[in-house]
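The values are calculated or read from the model by the stated rules, or taken from the named source; none is laboratory data. Because the structure is a prediction, the values reported are computed rather than measured. No Cβ is skipped: glycine too gets one built from the backbone with ideal geometry, and neighbour counts run over all protein chains shown. Please note that ligands, DNA and RNA were not included when accessible areas were found on the heavy atoms of the full protein model with its side chains. Shrake-Rupley method; radii C 1.70, N 1.55, O 1.52, S 1.80 Å.
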Amino acid sequence: MSEPNPTSGAPALDGIKVLDIATLFAGPFAATLLADQGADVIKIEHPRGDPARGHGHTKDGVPLWHKILSRGKRCTTLNLSTPEGRDIFLELARDADVVIENFRPGTLERWGLGWTELQEVNPGLVLLRTTGFGQYGPYRRRPGFGTLAESMSGFAHITGEADGPPTLPPFGLADGIAAISGAYAVLTALTARNRTGQGQVIDLAIYEPILTVLGPQLVDYDQLGIVQQRTGNRSVNNAPRNTYRTRDGKWLAISTSAQSVAERVVRLVGRPDLAEQPWFASGGERAKHADELDEAVGSWIEQRDAEDVLAAFEKAEAAVAPIYSASDVVTDPHFQQRSIVRMADDELGEVAMQGLLFQLSETPGQIRWTGPRLGAHTAEILGELGMDEPKIAALRERGVL
């Protein structure tokens, strides 16, 4: 497959209008993914700004994470809890395709912006409601964040060393998985609308996507009473599977999910006898002999430099990868070609960030700009509703913007 051609046609979501009134991470990132594929995403923030602007590192007072989280969006401010803010939002929603929100259940209804009011102005609207625990159920009113989802889904229980405590990820894993799921849900609902003409509500609980990707844990418990425990970097499904340190102090990861790869690895490290053992014939049985396999592989790797190990594994067609830091990712030639973009930014100059989530050959997406300043497009967006500068200035004076 050739590289995508940015001039081959309009992006896939060209003509789709999204109102992003969500805060922090899962909801806004779902909107970012839609913007990357050409949707016109209007980021609507409280006049104080999305709290996400205060998360992460800053440079000269400029929030860096926001540059990714709001890339490709047009930004305006609006106090939705005021009557004038409500009316303006309903005007914006009149010709929108999608609204993304993540307030506690009942908040939009309290502001007069619930599903009933939104449907009245736009029956074809899709409303993505992202909350910690969903719109119904005993926990619906609990505050919910990704950390709680990582905890209650079972992820933390199986993460970490066998003799150590449960471990949470040092980044927004549950939020990220929920965001990707939310974007998928939006596209599913829009596809249904193409057939029925009707919009609908998407009820997305942040814990459910990460619960889904944890695999067979629930059915294993339900049918066999098995509760998966922490095994560090090892897998219960195959071995050798671990991280190994090289002679020059670098770390490599090895996976042997395929039987043929496992056989190549033990032959490469000078232990073909292991492949002849009856237990070597399946991944689950190999996992029971992880100590023996790790010793064979680890002792071979620790006697060689990383460059030599990588070359030997590549020649043997065995699966290995270096453990990368952010500095390694940004300087890797493969990542530079397809996974990292450098964007001009009016506050920071040039900014490196992750590229698109996937590549489309005929209608490729594009990161059009980095996260804008607070309210950068207010005049443009409200001007599309017929408001002039004096009207906008008056709204600012009254705290609506």
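The residue that is most open to solvent (accessible area, probe 1.4 Å), counting only those in the stretch 102-121 that are of a type in the set (A, V, I, L, M) and over 18 Å from residue 45 (Cα atoms), is 121.
Check the stretch 60-69 and report whether any residue there is open to solvent by 40 Å² or more (accessible area, probe 1.4 Å), of a type in the set (Lys, Arg) and more than 23 Å from residue 118 (Cβ to Cβ).
Filtering the stretch 60-69 down to residues open to solvent by 40 Å² or more (accessible area, probe 1.4 Å) leaves 60-61, 64-65, 68.
Of the ones still in play, those that are also of a type in the set (Lys, Arg) are none.
No, every residue in the stretch 60-69 fails to be open to solvent by 40 Å² or more (accessible area, probe 1.4 Å), of a type in the set (Lys, Arg) and more than 23 Å from residue 118 (Cβ to Cβ).
Filtering the stretch 35-59 to residues that are open to solvent by less than 60 Å² (accessible area, probe 1.4 Å), more than 25 Å from residue 147 (Cβ to Cβ) and in contact (Cβ under 8 Å) with a residue 60 or more places away in the chain leaves 35, 36, 37, 38, 42, 47.
Taken over the stretch 263-317, residues that are assigned to a helix (DSSP H, G or I), open to solvent by 50 Å² or more (accessible area, probe 1.4 Å) and more than 21 Å from residue 250 (Cβ to Cβ) amount to 10.
Here the condition is being buried (at least 17 other Cβ atoms within 10 Å of the Cβ) and part of a loop (DSSP other than H, G, I, E, B); of 182, 134, 124, 176, it holds for 134 alone. Of the candidates 206, 226, the single residue that is among the β-branched types (Val, Ile, Thr) and in the same structural domain as residue 159 (by the TED database) is 206. In the stretch 318-336, the qualifying residues are those that are more than 30 Å from residue 279 (Cα to Cα) and surrounded by 14 or more Cβ atoms within 10 Å (Cβ to Cβ), and the one that is farthest from the chain's Cα centre (by Cα) is 332.
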